[in-house]
Amino acid sequence: MADSIEHYFKPITHTFLDKDWKEGFTVYYKSTDGSQVHYLVFAQYLPEDYSRLEKIMKETDRQEFFIHENDLIRYYRQCVLVRLREQIQAKNPKPLETIGLIYPIVRRIMGDYLEYDTSPRMLRALDELPDFLCPVFKHGNIPFPALAGLTLKDGSIETHCANVGLYALYYGRILDVTESELRDLFLGGLFSDLGKKDFPPGLESKSKLEQVDWSLIRKHPSSAKKMLNDMKCYSENILRMVVEHHENFDGSGYPFGLEGDKISLYGRIARILDVFDAMTCERPFRPPVKTIEALTQIKDSMEGHFDPRLLTALFKSFTTS
């Protein structure tokens, strides 16, 4: 039995096998016949097969194995998120501990979507995570320095997306928005750089960008919005946050050159957080900046880029936390 290349697959090793996933999944391998690529069934994995299949996959070290996107989504929903829910219910962790449990899952799902040939359906594996995160931010007292200290700074797209999503939840708390609005802020921040999925390797690490590079970069907010809009399951707030996260308050941003309150609240929040996280994460051409230094530079050296009222709210919360 085979699936064609039109379907979506992620490469896996024996370390992917999970004894806690009772439903199991199909393991595939790739077969090439001329110009045709097919994915053929190698084995059906169930927990009782763990030792046998682990041994086979270890020994067959020259063979690459794959999981189908449908099974990958089921794995996150029916195994990883179920396990997360059980951990939270059993341990009742503190707010930062809860975020620490969820953060690597967010990065893992985003990484699978961005790195492999998975469709936008992969993003639906994230649907339940706001249910865990929004109450934590709505009712918990989470200092911004502690939140920033929890996030990674490796400069990858999935880390940047996850960080902006978490920081947007913090912003929502200090602005006292509803849990529904918190959900939109989290997903809007998380999805803001999905348009970078199709960037050529090494584009963002270039020390000098050519005109063709800038043309591609300026398209990523609109391409992400179109992709999410086609899914027909995300709110207008999320779509606007995604497409407006490079709009500057003075009208000098892109893709539309919007100015002031013509940029949605969600877009104005995303603009601040996108820059903040970019500054505090590693880049090939510069070291990361410390949190307070980044906030100071945003306030003092980037006049016109940001909504001053939102900056004031962030600084006030930072100095009182």
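The values are calculated or read from the model by the stated rules, or taken from the named source; none is laboratory data. Keep in mind it's a predicted model, so treat the numbers as computed, not measured. Here Cβ is always computed from backbone atoms with ideal geometry, including for glycine, and neighbour counts include all displayed protein chains.
Taking residue 61, is it of a type outside the set (A, V, I, L, M) and at pLDDT below 90?
Here the answer is yes, as residue 61 does meet what is asked.
Please go through the range 293-308 and give me each residue that is in a helix (DSSP H, G or I) and surrounded by 12 or more Cβ atoms within 10 Å (Cβ to Cβ), ordered by number.
Correct list: 293, 294, 295, 296, 297, 298, 299.
Out of the range 109-130, which residues are within 9 Å of the chain's Cα centre (by Cα) and either free of Cβ contacts under 8 Å to residues at least 40 places away in the same chain or not in a helix (DSSP H, G or I) (or both)?
Of everything in the range 109-130, just one residue is within 9 Å of the chain's Cα centre (by Cα) and either free of Cβ contacts under 8 Å to residues at least 40 places away in the same chain or not in a helix (DSSP H, G or I) (or both), namely 109.
Only one of 28, 39, 75 is among the hydroxyl-bearing types (Ser, Thr, Tyr) and in contact with a Ser or Thr (Cβ under 9 Å, 6 or more places away or on another chain). Can you tell me which?
Sole residue among the options that is among the hydroxyl-bearing types (Ser, Thr, Tyr) and in contact with a Ser or Thr (Cβ under 9 Å, 6 or more places away or on another chain): 39.
Suppose we filter 237, 229 for residues that are of a type in the set (S, T, N, Q), over 18 Å from residue 168 (Cα atoms) and not in a loop (DSSP other than H, G, I, E, B); which single one remains?
Going through 237, 229 in turn, the sole match is 229.
From the list 216, 190, 169, pick out the single residue that is closer than 17 Å to residue 314 by Cβ, aliphatic (A, V, I, L, M) and in a helix (DSSP H, G or I).
That would be 169, the only listed residue that is closer than 17 Å to residue 314 by Cβ, aliphatic (A, V, I, L, M) and in a helix (DSSP H, G or I).
Would you mind stating whether residue 169 is in contact with a Phe, Trp or Tyr (Cβ under 7 Å, 6 or more places away or on another chain) and without any contact (Cβ under 8 Å) to a residue 40 or more places away in the chain?
Spelling it out, residue 169 is indeed in contact with a Phe, Trp or Tyr (Cβ under 7 Å, 6 or more places away or on another chain) and without any contact (Cβ under 8 Å) to a residue 40 or more places away in the chain.
Take the residues of the range 255-305 that are free of Cβ contacts under 8 Å to residues at least 40 places away in the same chain and in contact with a Ser or Thr (Cβ under 7 Å, 6 or more places away or on another chain): which is farthest from residue 318 (Cα to Cα)?
Taking the candidates together, the pick is 255.
Please indicate, with yes or no, whether at least one residue in the range 131-142 is among the charged types (D, E, K, R), modelled with pLDDT of 95 or more, farther than 27 Å from residue 292 by Cα and not assigned by TED's automatic domain parsing to the domain that holds residue 314.
Yes: one or more hits.
Of the residues 90, 43, which single one is without any contact (Cβ under 8 Å) to a residue 24 or more places away in the chain and touching an Asp or Glu at 6+ places or on another chain (Cβ under 8 Å)?
Step by step, each of 90, 43 is checked, and only 43 is without any contact (Cβ under 8 Å) to a residue 24 or more places away in the chain and touching an Asp or Glu at 6+ places or on another chain (Cβ under 8 Å).
Is the range 306-313 home to any residue that is farther than 15 Å from residue 167 by Cα and in contact with a Leu (Cβ under 9 Å, 6 or more places away or on another chain)?
yes
All but one of (1) under 24 Å from residue 315 (Cα atoms); (2) outside any helix (DSSP H, G or I); (3) in contact (Cβ under 8 Å) with a residue 12 or more places away in the chain hold for residue 177, so report the exception by its number.
Going through (1) under 24 Å from residue 315 (Cα atoms); (2) outside any helix (DSSP H, G or I); (3) in contact (Cβ under 8 Å) with a residue 12 or more places away in the chain one by one, residue 177 breaks only (3).
Can you confirm whether the range 211-219 contains a residue that is assigned by TED's automatic domain parsing to the domain that holds residue 271, loosely packed, with under 12 Cβ neighbours inside 10 Å, farther than 30 Å from residue 135 by Cα and among the basic types (Lys, Arg)?
no
Suppose we keep only residues that are charged (D, E, K, R) and at pLDDT 90 or above within the range 288-305. Which one would you say is nearest to the chain's Cα centre (by Cα)?
This residue is 290.
Given (1) buried (at least 16 other Cβ atoms within 10 Å of the Cβ); (2) closer than 19 Å to residue 109 by Cα, where does residue 233 come up short, assuming only one miss?
(1)
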